[in-house]
Protein chains: 2
Amino acid sequence: MGDPAGIGAEVICKSINIMGNKSIPVIIGDISVIRDMESRLGIKHQTFKRFREGNKGDIEFIDKGRIKKIKYGISRKEYGRASYEYIMEALAIIKAGHAEALVTCPINKASIHKAGVDFPGHTEILADFFHVKEYVMMMANRKMRVSLVTIHIPLKEVPSVITKDRVLSCINVTNHCLKEHFRVKKPIIKVCGLNPHAGENGIMGNEEAFIKSAIDEAVSSGIDVSGPFPADTLFHKVDCHAFIAMYHDQGLIPVKTTDFKRTVNITLGLPFIRTSPGHGTGFDIAGKGIADPSGFMEAYRVAEMLS
Amino acid sequence: MGDPAGIGAEVICKSINIMGNKSIPVIIGDISVIRDMESRLGIKHQTFKRFREGNKGDIEFIDKGRIKKIKYGISRKEYGRASYEYIMEALAIIKAGHAEALVTCPINKASIHKAGVDFPGHTEILADFFHVKEYVMMMANRKMRVSLVTIHIPLKEVPSVITKDRVLSCINVTNHCLKEHFRVKKPIIKVCGLNPHAGENGIMGNEEAFIKSAIDEAVSSGIDVSGPFPADTLFHKVDCHAFIAMYHDQGLIPVKTTDFKRTVNITLGLPFIRTSPGHGTGFDIAGKGIADPSGFMEAYRVAEMLS
């Protein structure tokens with residue numbers, strides 16, 4: 001359900017109809033928040049089954065009972081604590097083999113920090129729980145998929161972090177998941193340069209040398225990957241199964257600009273499928289009934305498809 | 001005409017029909033290259049007027065007579081020299097008051113360097129010629145306009161170059177040109193952050209403080225400008241007259257991804273209108289007759305409109 005003060009409960013309530021057709025969803029959150037949202041939206045109270053008691057067409061609910069009366073749009077320690085418990089419950093279920101995929105609604109960094117949880121976001125929590133070192137954040141919509149070599153670090157730290165090993169790891173994880181989960185028989189991958197015009201032969205930066213050596217090694221291991229290409233002219237024609245971007249905005253701008261509503265965040269490299277909508281907690285609109293569920297619906301759809 | 005070994009002559013030949021309707025174009029280049037291209041394309045040899053002898057509907061040509069037999073797709077000192085002379089001729093004409101706008105076809109950096117011309121590109125040549133210090137590169141298509149605070153520098157140099165003065169200058173020049181040339185009465189401008197999530201209150205970088213102080217000063221001088229906003233979620237909804245991006249790929253990715261063919265480069269802050277297509281010399285396809293003239297046509301159309 002994500003942060004209870006965000007738009008998580010709302011997008012779930014608005015997406016009930018598309019869930020449960022091909023899979024049995026287990027919503028993990030606080031039933032009080034769901035009921036409050038249903039009342040605000042003026043929709044009937046959904047009947048949920050208990051965990052592992054549902055059949056095809058049913059929706060299961062695990063109520064963590066953490067929230068008495070929700071106040072939307074604010075950061076609170078107890079909301080951060082609740083968000084974290086929802087995730088931990090989900091991970092326990094997955095570890096026990098009772099679920100194949102996880103769809104997360106957005107959490108609030110400040111709130112989980114207040115609750116003493118020191119992770120930058122979901123992705124890092126999940127990777128830590130399963131002791132996974134090589135994982136990749138991919139953003140995807142129906143037009144394109146982009147994997148990121150670096151994610152949530154200041155721009156000035158990006159160039160020094162672009163090493164051959166990091167780029168190669170991102171290529172390898174992406175290639176593996178395209179085959180394994182996306183069922184692409186022969187994945188084609190294209191890689192961005194770091195600098196304007198991909199450095200233009202070293203005139204505008206030289207980190208492309210590291211990127212090139214990673215690509216060369218991946219090619220020699222049999223992967224169909226090419227680049228580094230100038231990023232500005234790369235995304236208008238999607239002739240590959242995934243792009244590799246060097247940093248946050250380079251990769252997220254093309255995806256979110258081309259289809260913002262249906263942009264899905266997919267974590268690659270975990271022992272299970274994990275997706276989430278591309279948007280945040282939406283504190284500015286939370287509780288108002290105006291949140292768009294398209295991103296969550298697409299995240300659910302992609303999780304079903306990949307698993 | 002741009003670099004004679006590039007696709008400049010070809011896109012001009014393919015655009016003859018759209019020129020000369022609202023303006024009298026003066027093509028500056030080598031007639032031998034145009035004739036060669038017309039033959040390759042199998043189109044009739046256009047009749048040109050001499051400079052300042054044309055009337056409405058005519059096309060004038062200034063033949064610099066630099067090229068005997070063109071070889072497409074290669075970098076040569078003589079081609080760099082020719083490209084540079086075409087530009088110098090154009091600037092002399094503009095300085096003399098005989099033209100209001102300049103549309104440039106792409107030049108090749110390596111070739112002009114071989115010819116001893118030490119500029120990174122057109123924009124810097126033009127600014128130097130007119131002793132202009134405050135100029136801005138804007139990339140625009142029919143969906144959005146983006147002005148850049150920094151252009152052709154390595155990514156690792158970008159953060160230290162983002163100063164309050166630079167951002168403010170870019171906002172001021174953009175605002176002025178939107179009013180002066182684009183005839184926008186009350187321009188609305190939105191500014192990107194530098195870091196992921198615009199730094200998220202300093203968690204991921206702090207250069208947003210400089211950007212914010214530039215915005216504050218611009219606002220207090222009466223400009224409708226806001227930000228800094230996270231760049232990844234900014235461009236999917238175009239609710240302003242121009243965006244300000246901090247660096248090359250941040251600004252060019254959204255423009256080129258949304259309408260690559262009709263992306264136009266506009267130099268703001270010069271004492272005349274200057275546009276160019278968003279693409280490069282196209283050495284890989286030059287001379288083959290397959291170049292797409294959409295970018296040049298759009299650059300010509302925008303130059304006419306703005307002047």
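Quick one: if you take sqrt(5λ) for each eigenvalue of the C-alpha gyration tensor of region B:38-117, what semi-axes come out, biggest first, whole angstrom? List each step's numbers first, then the result.
On the way: eigenvalues 116, 76, 20 Å².
They are 24, 20, 10 Å, listed from largest to smallest.
Per residue, how large is the accessible surface of the protein assembly as shown? Use a 1.4 angstrom probe and give square angstrom. Write down the numbers at each step before the final one.
Working: 25800 Å² over 614 residues.
Here the per-residue accessible area is 42 Å².
About the Cα centre of the protein assembly as shown, what is the dipole size in debye to 20, counting +1 per Lys and Arg Cβ and -1 per Asp and Glu Cβ, all else neutral?
Working: 80 positive and 68 negative charges, 272 e Å.
It works out to roughly 1300 debye.
For the protein assembly as shown, with equal point scatterers placed on the C-alpha atoms only and solvent neglected, what are the log10 I(q)/I(0) values from the Debye formula at q = 0.08, 0.12 1/Å, to two decimals?
Those come out to -0.63, -1.19, one per q.
Mind checking which of A:Ile34, A:Ile59, A:Ile16 has the largest fluctuation in a GNM of chain A, springs on alpha carbons under 10 Å?
The residue with the greatest mean-square fluctuation here is A:Ile16.
Taking the Cα centre of region B:27-123 as the origin and placing charges on Cβ (Lys, Arg +1; Asp, Glu -1), which of B:Pro120, B:Val103, B:Gly65 is farthest toward the positive end of the dipole?
It is B:Gly65, whose Cα lies furthest towards the positive end.
Which of these, B:Pro228, B:Pro293, B:Pro154, has the largest mean-square fluctuation under a Gaussian network model of chain B (Cα springs below 10 Å)?
B:Pro154
Of all beta bridges DSSP finds with both residues in chain B, what is the antiparallel percent, to the nearest 5?
Values: 13 of 31 bridges.
Of those bridges, close to 40 percent are antiparallel.
Share of antiparallel DSSP beta bridges in the protein assembly as shown, in percent to the nearest 5?
Details: 26 of 62 bridges.
Roughly 40 percent of the beta bridges in the protein assembly as shown run antiparallel, per DSSP.
Quick one: with label points 7 Å out along Cα→Cβ, list the inter-copy distances for A:Lys288 in nm, shortest first?
5.1
Tell me which residues come under 5 Å, amide H to amide H, from B:Leu102 once H is placed; ignore anything under 5 positions away on its chain.
Under 5 Å from the amide H of B:Leu102 lie the amide H atoms of B:Ile273, B:Arg274, B:Thr275, each far enough along the sequence or on another chain.
Can you list the distances in nanometres, one decimal and ascending, from the A:Ser226 label point to the identical position in each other copy, with the point 7 Å along Cα to Cβ?
4.3
Taking the Cα centre of the protein assembly as shown as the origin and placing charges on Cβ (Lys, Arg +1; Asp, Glu -1), which of B:Pro154, A:His176, A:Ser160 is farthest toward the positive end of the dipole?
Towards the positive end, the residue furthest out is A:His176.
When each copy gets a label point 7 Å from Cα toward the beta-carbon at B:Lys179, what are the spacings between them in nm, shortest first?
Output for B:Lys179: 6.1 nm, nearest copy listed first.
P(r) of region A:157-255 in 10 Å steps, Cα pairs, percent per bin?
Pair shares across the bins are 16, 51, 29, 3.
Residue of A with Cβ nearest the axis relating A to B, plus distance in whole Å?
That would be A:Ile253, 2.
Tell me, in nm to one decimal, what length is gained between B:Asn206 and B:Glu89 on full extension, where the rule is 0.36 nm per residue of separation less the Cα-Cα distance?
Numbers: separation 117, 0.36 × 117 = 42.12 nm, distance 4.55 nm.
Length difference between fully extended and current span is 37.6 nm.
Give me the Debye-computed log₁₀ of I(q)/I(0) at q = 0.08 Å⁻¹ for chain A, equal point scatterers on Cα only, no solvent, two decimals.
These q points yield log10 I(q)/I(0) values of -0.37.
So how much accessible surface do B and A hide from each other in total, probe 1.4 Å, in square angstrom to the nearest 100?
The summed interface area works out to 3100 Å².
May I ask for the equivalent-ellipsoid semi-axes of region B:256-295, computed as the square root of five times each C-alpha gyration tensor eigenvalue and listed largest first in whole Å? Numbers along the way, then the final one.
On the way: eigenvalues 107, 34, 12 Å².
Each semi-axis is the square root of five times an eigenvalue, giving 23, 13, 8 Å.
Quick one: angle between helix A:208-220 and the longest Cα principal axis of chain A, in degrees between 0 and 90, rounded to 10, please.
Helix A:208-220 sits at roughly 80 degrees to that axis.
Which ³J(HN,Hα) values in Hz, rounded to whole numbers, follow from the phi angles of region B:104-114 under the Karplus curve 6.51 cos²θ - 1.76 cosθ + 1.60, where θ = phi - 60° and Gly and Pro get x?
10, 8, x, 10, 9, 4, 4, 5, 5, 5, 4
Given only helices, namely DSSP H runs of n ≥ 4 each adding -39500 (n - 2.57), what is the per-residue ellipticity at 222 nm of chain B, to the nearest 500 deg cm²/dmol?
Values: 10 runs with 108 residues, N = 307.
Computed ellipticity for chain B at 222 nm equals -10500 deg cm²/dmol.
Build a GNM of chain A with springs between Cα atoms under 10 Å: which of A:Leu178, A:Leu126, A:Leu234 gets the top mean-square fluctuation?
A:Leu234
Given region A:1-72, what whole percent of its Cα pairs are spread farther than 14 Å? Display every interim value, and only then the final one.
Numbers: 1444 of 2556 pairs.
Roughly 56 percent, rounded to a whole number.
Return one number: the angle in degrees, 0 to 90 and rounded to the nearest 10, between the long axis of the Cα atoms of helix A:248-258 and the longest principal axis of the Cα atoms of chain A.
The two axes meet at around 70 degrees.
If the cut-off is a Cα-Cα distance under 20 Å, which lysines reach A:Lys77, setting aside same-chain residues fewer than 8 apart in sequence?
A:Lys64, A:Lys68, A:Lys69, A:Lys109, A:Lys114
What are the lysines whose alpha-carbon lies under 20 Å from the alpha-carbon of A:Lys185, with same-chain residues fewer than 8 places away excluded?
Leaving aside lysines fewer than 8 places away in the same chain, those within reach of A:Lys185 are A:Lys143.
The values are calculated or read from the model by the stated rules, or taken from the named source; none is laboratory data. In this text the structure is predicted, and so the values were computed from the model without any measurement. Here Cβ is always computed from backbone atoms with ideal geometry, including for glycine, and neighbour counts include all displayed protein chains. Side chains are part of the model used for accessible areas, which takes the heavy atoms of the whole protein and leaves out ligands, DNA and RNA. Shrake-Rupley method; radii C 1.70, N 1.55, O 1.52, S 1.80 Å.
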